[in-house]
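To start, the structure itself, in structure tokens.
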């Protein structure tokens, strides 16, 4: 991502969202902290997709993933899944406005923990909360498979003592009859069958187990 793509503080998006600062960046773009000027400057997370791809196929896939995230989040209502408030395109960039989750992701917490081992009781509590999330999305009709469960995709809000699953960009609805789904996941957390296109709710459970073991 080039400097020209970085939104400076004070930038106004969609005549409504004032950028405060950049919170982080990933392969598809950046996430910003913004104030919603129409709702008493309530803080929101604004995810920006920056289109920097080699060919049209990559461009199309990135847009599809971004739209899928908006579609998936808009269909869900669970306390551990950040709510989506808005979705828009401005000057060729795609934006997703979501609940702002304070805190660190579990990967960051692990790195900051002496010895690289988090307390078993705390990890167990997180595991129970995550099981509840997956039970919820897997019980949808058709089921939603997250496909990229790993510590870096789970935020922990210490004040609320609650975890949030973030980055639904590659989650998708999968019908029971659907096969050969595109294999996307993270090596070390994804089950072997994911890489040959076999995707079921068990995919997420395997990755959840691998993530919890990593934290311990």
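The values are calculated or read from the model by the stated rules, or taken from the named source; none is laboratory data. No experiment lies behind these values; they were computed from the predicted model shown. All Cβ positions, even for glycine, are placed from backbone atoms using ideal geometry, and neighbour counts span all protein chains on display.
Restricted to region 54-141, the set of helices (runs of 4 or more DSSP H) holding at least 1 residues that are at pLDDT below 85 comprises 56-74. With respect to residue 111, determine if the residue is free of Cβ contacts under 8 Å to residues at least 12 places away in the same chain and in the same structural domain as residue 19 (by TED's automatic domain parsing). Answer is no for this residue.
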